[in-house]
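The structure appears right after this line, and notes come after that.
The values are calculated or read from the model by the stated rules, or taken from the named source; none is laboratory data. Please read these numbers as outputs of a predicted model, since none were measured by experiment. FYI the Cβ positions are ideal-geometry reconstructions off the backbone, even for glycines, and counts take in every protein chain you see.
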Ligand SMILES: Cc1cc2nc3c(=O)[nH]c(=O)nc-3n(C[C@H](O)[C@H](O)[C@H](O)COP(=O)(O)OP(=O)(O)OC[C@H]3O[C@@H](n4cnc5c(N)ncnc54)[C@H](O)[C@@H]3O)c2cc1C
Ligand SMILES: Cc1cc2nc3c(=O)[nH]c(=O)nc-3n(C[C@H](O)[C@H](O)[C@H](O)COP(=O)(O)OP(=O)(O)OC[C@H]3O[C@@H](n4cnc5c(N)ncnc54)[C@H](O)[C@@H]3O)c2cc1C
């Protein structure tokens, strides 16, 4: 029986786990969060060990996936468990090194040696810097949405939402629903580019009707809350002494460069920004998977990566949204468990994958970051928040050393060397300096305490040799320990 | 003794490798009025010199030629760092030269015996090495393990930010007329009448009166492309970096448990704990030694071993998170001594390489020595121990130098 480890329990990972079980594989599903669901189905914790209420989007779909796995003795779900390293093995998928943190400090290190590995580590939101973006009161749209949906807390009373991509709409709606007055949604893409992206070749969108309806629903909700929606517009500065008190918005040209003379100041007490997503690639890189240009794991039709036995699905193969993640995850799980991508049972899934991929390409074309954004920076703008590195310092050091090497520039400026290890600023720094970096090479994928690192890891046997149907160490399936994890 | 030596100022030297050694050599030659071009196949300062630590140590070297070179180099660094800072001005990133001194700590009885014997021999060779009581040690390092078996203080040990140092040496070399060509890989020699007169590169042929190979762990490969055999091999090393924290480590602190297990050529993993804090607030924990060729993949066992060693020195570190690990390939030679000087087999070819875990510290003295040999001046230090002749003229490898470096 194939033993499949799935990393990431978002839509892609959940679908992969269910499909792999469907082909009879033993499955271990690992996620750092206290609950399964990923970004799309992120829920508030509800007391110790409990699950919060289900979210709105595709709630039934989520319930089905989650319950299937919870009721299945052939699947172990390890939540609150971080994968901190992958160690390559020649010809095999890598060894998976896990860390389970517990509130009492008695952390555990575990090791898994899978026969097949599915990477479904998702994405986090990307934020472009602007003067004042490091003031309190500036949030990523994702963080604002999590607070609004999870705790019912709006991040401010008068909130402006800005950036690029369809995700601005649901973020604005959740803020409004939580009681904030959303003074506007400012989309950087021009109307022309949006029209090209969404409206050309409409037959391609037919199958993504659900998606289109979802967007439509958000648009309606916008109308209900009377939220102004502007295109070719961006927040180019935030102002305030202790925290955000106002922002300057300006019109952008087609390349996102601010149009001189169009700036106007708006009073707000919070700003939410999102400029699309950036895939969490460190584990794929650690596994040795080839990364395509545009920072996506390279996969074939069976979601196979360049490393034997390693599959990838969801946002890490390219931004595509939850439905594409579900379809890719299903293919990856099926194939990782020994199935063939051409199997008739996958026909519907393959079609969905095609349709949603086409739709994702349109979104990408419409909202992709354009180079003109650099025009709203000034020398005092912080680029790397962890280490407090400004645009001016970056440029000055690059000029003084004459360096064209990212390794050297990182170490001479310290940009990207802080707590987030360049997850927030890495791409920004590369684009600002015009130098290619090591991308997402972070062999230690999450911080590990030295005490844990020095401890003896426990090898987790996927299958008990005495009984092929039980897992070891024995822990009820779907068990979720409370209050663990965090990204 | 020096085929093709005695060059006249104004002649063109091509240095292969823009790491700290190539940078230091280029600067020393440029200051002496020699025309210099530095080539690198990648960007500058992105090889080994950007993959290690910046310890400038005498504490880890046994009496012998390397200790002499290290002491001389350590003596050059204060003035060199001051000159570079002065020359490059306040807009240049800080070199972070810190003459903070080192503590070597034995945590076992065998380690203690080895350490005190080692320190005594170093004292005889002129090194400042003071044995400390546990109380004295804890006064210097309050968070140190409370019951060390032996502690020796080496006030001459220092540290520098190695990437800034490399960039600074290059920037200074350029100010004095040197040129840098990046993205230019050396492919082979241009030879005329038995003499090296240039290089074939991915950027075309480049003429040279003299060529200095300073290609770090790739020096063996570059030498082979130029037609000579040079036993410089990679020795993998990994360093852990913690999250920032308030400073609790004040010197460079090493464990002494290496002293018994003198430099071995074993393929197997060796680690020696080196714990130091950086001005940025992180703590660096180095480093391992493995013979795995140029394989850079992560091995959890190595990280674990490094963590365990660090905890023996500083138990408080158990709760401190590691936020990244990085590593590189030390350029090592069979007798653990660098190769500095002309190559008798190919007139016009010189080497400045093989510094293993000490190239940052040794770069200053290496550059001075190579410059003196190249300009036919009398060097301050004896050059023969570093001559490539030792590999050319003897068929069996010379005896292994004692001691293990902590870089
Ligand atoms: C804030 C936010 C809001 C979004 N909202 C929407 C939306 O409304 N509609 C939509 O279509 N798309 C949305 N997206 C895009 C969204 O990422 C995807 O549509 C969907 O969640 C992708 O599924 P996935 O399975 O690929 O990844 P995710 O859902 O992101 O799941 C990845 C999982 O991997 C886990 N993981 C990653 N690294 C490790 C590790 N080292 N160890 C252990 N676990 C790890 C994470 O904890 C996470 O649970 C949103 C994204 C973000 C960031
Ligand atoms: C983990 C670790 C820790 C260390 N700690 C210390 C320490 O604390 N103190 C200390 O003194 N030393 C330390 N070292 C050792 C030190 O880093 C090296 O000795 C030193 O950096 C070597 O410098 P270099 O200039 O010879 O080589 P490099 O910095 O590697 O430079 C060589 C250059 O040659 C270029 N090159 C290679 N092939 C070609 C070609 N064919 N054509 C053109 N260019 C080419 C490369 O691109 C590279 O830029 C450590 C090393 C490691 C790995």
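For the reader, a short list of remarks on this structure follows.
- Any hit, the range B:180-189, residues being at the interface with chain A (Cβ under 8 Å from one of its Cβ atoms), within 26 Å of the chain's Cα centre (by Cα), more than 16 Å from residue B:41 (Cβ to Cβ) and crowded, with 16+ Cβ neighbours inside 10 Å: no
- For the range A:84-95, the candidate set comprises residues that are within 11 Å of chain B (Cβ to nearest Cβ) and buried (at least 22 other Cβ atoms within 10 Å of the Cβ); within that set, the residue that is nearest to residue A:338 (Cα to Cα) is A:94.
- The residues listed here are B:82, B:26, B:70; of these, the one that is more than 14 Å from chain A (Cβ to nearest Cβ), over 16 Å from the mean Cα position of the chain (by Cα) and at pLDDT 95 or above is B:82.
- Selection of strands (runs of 3 or more DSSP E) fully inside the range B:287-359 by the criterion of at least 3 residues being within 28 Å of residue A:410 (Cβ to Cβ) returns B:321-332.
- Looking only at the range B:12-23, and only at residues there that are over 16 Å from residue B:179 (Cβ atoms) and within 14 Å of chain A (Cβ to nearest Cβ), the one that is nearest to ligand 2 (Cβ to nearest atom): B:19
- Some residue of the range B:358-368 being surrounded by fewer than 24 Cβ atoms within 10 Å (Cβ to Cβ) and more than 14 Å from chain A (Cβ to nearest Cβ): yes
Table: residues versus (1) modelled with pLDDT under 90; (2) within 14 Å of chain A (Cβ to nearest Cβ); (3) surrounded by 23 or more Cβ atoms within 10 Å (Cβ to Cβ).
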position: B:238; (1), (2), (3): no, yes, yes
position: B:247; (1), (2), (3): no, no, no
position: B:259; (1), (2), (3): yes, no, yes
position: B:266; (1), (2), (3): yes, no, no
position: B:284; (1), (2), (3): no, yes, yes
position: B:291; (1), (2), (3): yes, no, no
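Here's the yes/no breakdown for (1) more than 20 Å from the chain's Cα centre (by Cα); (2) modelled with pLDDT under 95; (3) more than 14 Å from every other protein chain (Cβ to nearest Cβ):
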{"position": "B:312", "(1), (2), (3)": "yes, yes, no"}
{"position": "B:315", "(1), (2), (3)": "yes, no, no"}
{"position": "B:327", "(1), (2), (3)": "no, yes, no"}
{"position": "B:336", "(1), (2), (3)": "no, yes, yes"}
{"position": "B:346", "(1), (2), (3)": "yes, no, yes"}
{"position": "B:350", "(1), (2), (3)": "no, no, yes"}
{"position": "B:371", "(1), (2), (3)": "no, no, yes"}
{"position": "B:374", "(1), (2), (3)": "yes, no, yes"}
{"position": "B:407", "(1), (2), (3)": "no, yes, yes"}
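- Hits in the range B:75-93 - residues which are more than 17 Å from residue B:28 (Cβ to Cβ) and in contact with a helix residue (DSSP H, G or I) (Cβ under 7 Å, 6 or more places away or on another chain): B:91, B:92, B:93
- Residues satisfying the criterion are present in the range B:37-59 (criterion: within 25 Å of residue B:384 (Cα to Cα) and within 9 Å of ligand 2 (Cβ to nearest atom)).
- Residue that is nearest to residue A:82 (Cα to Cα), among those in the range A:96-105 that are out of contact with any helix residue (DSSP H, G or I) (no Cβ under 8 Å at 6 or more places or on another chain) and within 13 Å of another protein chain (Cβ to nearest Cβ): A:98
- Selection within the range B:20-37 - touching a strand residue (DSSP E or B) at 6+ places or on another chain (Cβ under 9 Å) and closer than 19 Å to residue A:398 by Cα: B:23
- Residues that are crowded, with 23+ Cβ neighbours inside 10 Å and in a loop (DSSP other than H, G, I, E, B) were ranked within the range A:378-413; the one that is farthest from the other protein chains (Cβ to nearest Cβ) is A:403.
- Some residue of the range B:130-144 being within 14 Å of another protein chain (Cβ to nearest Cβ) and more than 29 Å from residue B:49 (Cα to Cα): yes
- For the range A:66-83, the candidate set comprises residues that are touching a helix residue (DSSP H, G or I) at 6+ places or on another chain (Cβ under 9 Å) and surrounded by 24 or more Cβ atoms within 10 Å (Cβ to Cβ); within that set, the residue that is nearest to residue A:3 (Cα to Cα) is A:77.
- Hits in the range B:91-107 - residues which are touching a residue at least 60 places away in the same chain (Cβ under 8 Å) and farther than 21 Å from residue B:276 by Cα: B:92
- Selection within the range A:106-139 - more than 16 Å from ligand 1 (Cβ to nearest atom) and either away from every other protein chain (no Cβ under 14 Å) or crowded, with 23+ Cβ neighbours inside 10 Å (or both): A:115, A:116, A:129, A:130, A:131, A:132, A:133, A:134, A:135, A:136, A:137
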